[in-house]
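Report on the structure given below.
Throughout, read-outs are computed from the coordinates displayed, never taken from laboratory work. Computed from a predicted structure; not experimentally measured. Using ideal geometry, Cβ is built from the backbone for each residue, glycine included, and neighbour counts are taken over all protein chains shown.
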Amino acid sequence: MAFSGDTSVERDLLEDRATEAGLHVATSLSRLTSLLVTNDPDSGTSKTVKARQYGTPVVDEAAFGQLLGDVEPADRTDG
């Protein structure tokens, strides 16, 4: 997952919450990116445009907060 643009909550805090939920936070967007979080899902930023081209879901911070509330990290085992 990745973030784009300014956030109302401190970006580091959002990234920490995502990591604690077991998500990998990237600084750039690729075809493998599962989610883009932005304050303006309709913006024309390069990340938002790429996300739409790749079919990556784009959500706002509020929706991301709700999603985090529904996510439980996977059990990690050393194989």
Look through the range 45-63, keep the residues that are free of Cβ contacts under 8 Å to residues at least 24 places away in the same chain and not aliphatic (A, V, I, L, M), and return whichever of them is surrounded by the fewest Cβ atoms within 10 Å (Cβ to Cβ). G55
Tally of residues being loosely packed, with under 14 Cβ neighbours inside 10 Å and touching a residue at least 40 places away in the same chain (Cβ under 8 Å) across the range 23-44: 0
